[in-house]
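Computed from the coordinates by the stated procedures, all read-outs in this text should not be read as laboratory data. Quick caveat, the model's predicted, so the values are computed rather than measured. Glycine also receives a Cβ, built like all others from the backbone with ideal geometry; neighbour counts cover every protein chain displayed.
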Amino acid sequence: MLKIFLLFCLPLFAFGQSKPSCPPESFLIEYRSPTTKGMKYTCAYLKNGQTIKHGEEWSLDIQDQVVSKVNYVNGEVSQMPAQVVAPPVSSPEDEKKVLKTITDFLKVLSFQAQGASTSKFKVENCDRDSMAWVKAAMMKTALERSYAYNEKCDVAGTFFAKFGEEFSMRFNLRNLDDLDFTQLKMIMDFELKSGAILYKFEVLDGKLSSASKAARFTARYQIEINPITGEPAKNSQKGELTLIELNGKEVKASVPLAYD
């Protein structure tokens, strides 16, 4: 009787996964084919503005049945799995370096982008209109922002910021060590506080990745903003950055999140 039960259940287990599981350095692209009308799921990462297939690609028919599976490794069809079987062993020094890299990246969200930086990664000219953020926050309206590469901006992408609600961000990056893509789940908010505005953001789940490296993290940050000028108040920063995974290995390393 047990054998009959297991034989009955095996198809359920086999077809229980409706989407491929992507490697840590990839994200999942979903779309419906205009030709077959069936769904297609592709694991990929971005490099130099190009989408590189990395992981499984599933094609489904109009009844959502899987009709083909193809595996890619760095853009090439392969019989070998794209997942990192034995991720590089990370050391405390590796973790410290990645935390510094993530800190440099998060400056683009901090209202401190105009400060001096010793990093090759630049964000000073990504978003010069700080008052647009203040106005949108006060009116509780969504704010669309588009960043593009220039001499002082190494971030490219478009997003809609929603204050007090969870939303997602995806950016292409350059000059950030060897990491070139980020995906974030965020919450941002502004609060009135005795003549100032308290700006806060929280990264609920963040990923920085490339073809050879992937880091996951969480972060909290707040700073007081002058409601008239939109400039940050000195000595008002508080924050913490926590690295939770590096190259597929669970870690827990935290540092204060603040900028000069």
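Below is a table of values for the structure above.
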quantity: Neighbour cut-off at most 12 other Cβ (10 Å), DSSP loop, trypsin sites (Lys or Arg not before Pro), the range 28-63; calculated: K37
quantity: Flagged links, alpha-carbon separation over 29 Å, of K100/K162; K19/K185; K152/K200; K19/K96; K140/K234; calculated: K19/K96
quantity: E165-E151 pseudo-label distance in nm [points 7 Å out on the Cα-to-Cβ vector]; calculated: 3.9 nm
quantity: The range 190-260: trypsin sites (Lys or Arg not before Pro) falling in loop per DSSP and having at most 14 other Cβ within 10 Å; calculated: K234
quantity: Backbone HN-Hα couplings from phi across the range 46-58 [Karplus 6.51/-1.76/1.60, Hz, Gly and Pro as x]; calculated: 9, 9, 6, x, 9, 8, 10, 5, 8, x, 7, 10, 10
quantity: Residue-wise HN-Hα coupling along the range 206-218, computed from phi with Karplus coefficients 6.51, -1.76, 1.60 (Hz; x: Gly, Pro); calculated: x, 9, 10, 8, 8, 5, 10, 8, 8, 10, 10, 7, 10
quantity: 0 to 90° range, to nearest 10: angle between helix 2-14 axis and the chain longest Cα axis; calculated: 50 degrees
quantity: Given charges at beta-carbon only (K, R positive; D, E negative), |dipole| of the range 196-260 in Debye; calculated: 200 debye
quantity: Amide H contacts under 5 Å for V251, placed H, 5+ residues apart; calculated: E245, L246
quantity: Under 5 Å, built H, 5+ apart or other chain: amide partners of D205; calculated: K185
quantity: Whole-Hz couplings from phi, Karplus 6.51/-1.76/1.60, listed for the range 22-32; x for Gly and Pro; calculated: 7, x, x, 7, 10, 10, 9, 9, 10, 7, 9
quantity: For the range 24-83, size of Cβ-based charge dipole, Lys and Arg +1, Asp and Glu -1, in debye; calculated: 140 debye
quantity: Student exercise, the range 141-196 dipole from Lys, Arg, Asp, Glu Cβ charges, in Debye to nearest 20; calculated: 160 debye
quantity: Between 0 and 90°, nearest 10: helix 130-139 axis offset from the chain longest Cα axis; calculated: 80 degrees
quantity: Nonlocal amide H pairs with I225, under 5 Å, H built at 1.01 Å; calculated: I197, L198, Y199, A233
